[in-house]
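Everything below concerns the one structure shown next.
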Amino acid sequence: MRLILMRHAHAGEADPRRWPDDRQRPLSDKGRRKHAVVADALRRMGVRFDRLLSSPLVRARQTADIIAAVYGGAPAIEETPALGDRATLADLLAALARLPADAAVLCVGHEPFLSEAEAALISRGGPVRIEMRKSGVAGLDFKGRPVAGAGTLLYHFRPRELLALAESG
């Protein structure tokens, strides 16, 4: 399985007056614009997927919507709590186990979960420190379904690196 982990785009700071339930906080205009460029850079680089999973939180779903729009014929977005604000690696692995072993799956979620999941999936022992920025993306490859410690890191991009690629191309 090919697994693409993506952190949601910039959503501004939490503001309990505007969003008493932080799960409803939307992307900022800046986040939308920047993520559209990031998504286009990924598309032009040949990053492909046949499943698109998203956290049910508004900012993650809006990020997945941008990806789907930029990719045009992208698959339907599947919301799952396995990528939500209370996600665990066991939740994610269980959700992925229901998909074909040869699938390419793009997962849109949150920190600190995505960095922790990426580290656990590629580390065969010992700690790994990873930080995923907003609109950051990592690609991992597995022989079959994902298992902790069995992933091969293909790439880990910060958004500024993808934005630089977009400007140069």
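None of the figures in this text is laboratory data; all of them are computed from the coordinates on show. These figures come from a predicted structure and were not determined experimentally. Ideal geometry is used to build each Cβ from the backbone, glycine not excepted, and the neighbour counts take in all protein chains shown.
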Whole angstrom only: what separates the Cα centroid of the range 1-74 from the Cα centroid of the range 121-169? 16
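Stretched out fully, how many nm does the piece from ARG17 to ALA101 gain, at 0.36 nm a residue minus the Cα gap?
25.8 nm
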Within the range 83-140, list the trypsin sites (Lys or Arg not before Pro) lying in a DSSP loop whose Cβ has at most 16 other Cβ atoms in a 10 Å radius. ARG86, ARG98, ARG124, ARG129, ARG133
Classify the range 26-66 from the C-alpha gyration tensor, please: rounded if a/c falls under 1.5, else prolate or oblate depending on whether a/b exceeds b/c. oblate
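Hey, what's the Cα Rg ratio for the range 70-122 versus the globular rule of thumb, 2.2 N^0.38 Å?
Details: Rg = 11.7 Å, N = 53, 2.2 N^0.38 = 9.9 Å.
This ratio for the range 70-122 stands at 1.18.
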In 5 Å bins starting at 0, how do the alpha-carbon pair distances of the chain split up by percent? 2, 9, 19, 23, 21, 14, 8, 3, 0, 0
Take the alpha-carbon positions of the range 94-169, form their convex hull, and give its projected area averaged over all directions (one quarter of the hull surface) in nm². 5.7
Hey, what's the Kirkwood Rh for the range 1-61 if you take every pair of different alpha carbons, in angstrom? 13.0
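Loop-only check: which trypsin sites (Lys or Arg not before Pro) in the range 34-68 are DSSP coil with at most 13 other Cβ within 10 angstrom?
Passing both the DSSP loop test and the Cβ count: ARG48.
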Please compute the modelled spin-label separation between LEU153 and GLU131, points set 7 Å along Cα→Cβ, answer in nm with one decimal. 1.4
